[in-house]
Amino acid sequence: MDTQTFTTASMEPELQLSEQHKLLVISNGSGEMDVKSKKLVVHPAHVLLLPPGTEWEFRAWGSQPLEFDQFSYDIYVVGEDGKLCCETEVSIIHQAMTLQEATVLARSISNGWNGDRWDRMEANIRFQELLLAVLKRAELEPQPQFDHVRERIQLSKAHIEAHFQHDLTRENLASMAGMSVAHYARLFKRDVGQGPMEYLNEVRIAHAGDLLLGAERTIRETAHRVGYQDEFYFSRKFKAITGFSPTVYMKKHRTSSRIASAAIPYTGHLLALGVQPYAALVNPSQEPTAGLRDTLEVGHGQPELDRLLIARPELIIGFERTDYAEPDKADLFRHIAPTCTVSFQGEWRDHLRMIGRAVNRDQAAELWLEQYETLAERSRAAIRERVDGQTVAVAQFQGGRFQLFGSRNLGTVLYRDLQLMMPKQLAEVSHSQMLTVEQLAEYDIDHLILFTADEVQQREALRRSLASHSVWRELKAVRNGHTYDLGASRSYSCYTSLSHDLFLRRTTELFMSQTSML
């Protein structure tokens, strides 16, 4: 087996030839595939099987590139003479099938294939599992042909959502869909429930509402930001769609007391601002949960729309739709209450400020950040004398491996706020990476902060397990007595103001005490 990851540029078809059997897994983007004079529509989580000798061509739709993982492999059968021979005559699957777990499995296989021999063996086993799942789905659940006209309309709808701030007209949208203006407008209204320009205005006003609540911009700046050149026309459209002028809209919802948090990190920001959410996601395995005794629960990891609807909040604070496991559900938030959308890709200080503006706690946000910066400055000065010029890292030990955290989340406290030295191998790591103890040894870390467990007995068992491992005992941090037990990770690992404040304080205590876990 061999594996590769490809990106096909928008609207640039590339002719390919299968010299071996190939399994393709679409991970991002949408488009068409021409194979054996047949057109197939492909989306993320679609899988295809191609036999040797097949010519095929991808064409991406819209502005987003088409990304896919390609696995090449051979099939051997026992011939009449009892010898193994390579099989080439296997029927092609004539439509792209949806297999939700395929994207995650494919990425795991690709990553493992680039590792050591044990990683490659594990990747090979996972590939067999993926291939088996694809073949079973093909046999048990044959899928119908796609409606290409509906696909074009849905892609046009997605294009409006992605490029609403640009100058979009019915003419250029119809041209992109390959239809006449009248035919396009009729089909768009049939499938979406309103005409393309009505939908464009609705999308623009929804984003304008987010900006008015969470961003410090004038009405004129907001209008230009979402695609309107005339702020007075924008204000009329805004009132026609929301029922309020932009000024009244801001005043009404920024002073709301029925605030729902549809993102666990943002619950922490609300609590830091002194605001107890009226409704929120509540997951006991993640912080924060303190201070939510009187808060209505609207789900654990993901919002449950029926609970959110019953709660009847006046304002929802949430992620961007693409930050959720089910983006289509996030699209419905605005039908329940005005929604302040805060992209999780941003920096946590910006999250706090945006949420502070949305709930009329601007000054509280700045005061909280000022106190945090003062604490970080004192901690930097105290720790610098102990660890100046030495590398520091934080990890969680689970399943026999170490999850080493990078520059975001916990890393932002260590490497930005405390200005500690990062191991050079983490320079390109954002969230985290999984390492064996042998791989961890190559990082030559001077000080290692380690998450263990809540229970004393579990922590002691983990310590004994690590102490029995010869490679662990030879780590520089272990030999020098510079490993620190942080307990369970849930209080610290959430990307929010409260967790970072707690991690900053606890890390300072650990370094000042210089008490090793072993």
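The values are calculated or read from the model by the stated rules, or taken from the named source; none is laboratory data. If you're wondering where the values come from, they're calculated on a predicted model, not measured in any experiment. Every residue, glycine among them, receives a Cβ derived from its backbone with ideal geometry; neighbour counts consider all protein chains shown. Quick note on the areas: whole protein, heavy atoms, side chains included, nothing else; ligands and nucleic acids left out. Shrake-Rupley method; radii C 1.70, N 1.55, O 1.52, S 1.80 Å.
For segment 223-346, compute Rh as the Kirkwood radius over C-alpha pairs and then the Stokes-Einstein diffusion coefficient at 37 °C and 0.692 mPa s; write the answer in µm²/s, rounded to an integer. For these conditions, the coefficient is 214 µm²/s. Which shape class applies to segment 405-500: rounded if a/c is under 1.5, otherwise prolate when a/b exceeds b/c and oblate if not, where a ≥ b ≥ c are the square roots of the Cα gyration tensor eigenvalues? Because a/c hits 1.5 or more and a/b fails to exceed b/c, segment 405-500 counts as oblate.
According to the square roots a ≥ b ≥ c of the eigenvalues of the Cα gyration tensor, what is the shape class of segment 334-454, taking rounded for a/c under 1.5, prolate for a/b larger than b/c otherwise, and oblate for the remainder? Taking the square roots of the gyration eigenvalues as a ≥ b ≥ c, segment 334-454 is oblate. Of all DSSP-defined beta bridges confined to the chain, some 70% are antiparallel rather than parallel. Distance between the pseudo-spin-label points of Ile75 and Arg190 (7 Å out from Cα toward the beta carbon): 3.9 nm. Heads up, I need the accessible area for Val35: 1.4 angstrom probe, whole protein in place, Å², nearest 10. Number for this one is 10 Å². In this structure segment 373-518 gives 46 Å² per residue of accessible area when probed at 1.4 Å with all protein chains present. Applying 0.36 nm per residue to the separation of Arg505 and Glu320 and subtracting their alpha-carbon distance, the gain on full extension is 63.5 nm.
Accessible area per residue (1.4 Å probe, heavy atoms of protein chains only) ranks Arg150, Arg479 as Arg479, Arg150, with the largest value leading.
Per residue, the solvent-accessible area of segment 184-230 (1.4 Å probe, heavy atoms of protein chains only, all protein chains present) comes to 45 Å².
Rounded to the nearest Hz, the phi-derived 3J(HN,Hα) couplings of segment 308-323 under the Karplus curve 6.51 cos²θ - 1.76 cosθ + 1.60 (θ = phi - 60°) are 5, 5, 5, 5, 6, x, 9, 8, 10, 9, x, 6, 5, 4, 6, 7, where x marks glycine and proline.
Between His335 and Thr218, the simple spin-label model (points 7 angstrom out along Cα→Cβ) gives 3.7 nm.
Among Asp417, Asp362, Asp81, the order of accessible area from largest down is Asp81, Asp362, Asp417, computed with a 1.4 Å probe on protein heavy atoms.
Projecting the Cα positions of Leu308, Ala185, Ile241 onto the charge dipole of the chain (unit charges on Cβ atoms of Lys, Arg, Asp and Glu, taken about the Cα centre) puts Ile241 furthest along the positive direction. Share of carbon and sulfur in the accessible area of the chain stands at 48%, probe radius 1.4 Å. In the chain, the convex hull through the Cα atoms has an average projected area of 29.6 nm², a quarter of its surface area. Pick out, in residue order, every one of the trypsin sites (Lys or Arg not before Pro) in segment 214-290 that is DSSP loop and has at most 15 other C-beta atoms within 10 Å; say none if there are none. Within segment 214-290, the qualifying trypsin sites (Lys or Arg not before Pro) (loop, at most 15 other Cβ atoms within 10 Å) are Arg217, Arg258. How large is the dipole of segment 304-364 about the Cα centre if only Lys and Arg carry +1 and Asp and Glu carry -1, each at its Cβ, rounded to the nearest 20 debye? In total the dipole reaches around 280 debye.
Of all segments of the chain bounded by GluC sites (Glu not before Pro) found in a DSSP loop with no more than 13 other C-beta atoms within 10 Å, the longest spans 217-346.
Maximal additional length on extending the Tyr233-Glu474 stretch stands at 79.8 nm, based on 0.36 nm per residue less the C-alpha distance. For segment 128-217, rounded, prolate or oblate, judged on the Cα gyration tensor with a ≥ b ≥ c (square roots of eigenvalues), a/c < 1.5 rounded, else prolate if a/b > b/c? Here segment 128-217 falls in the oblate category.
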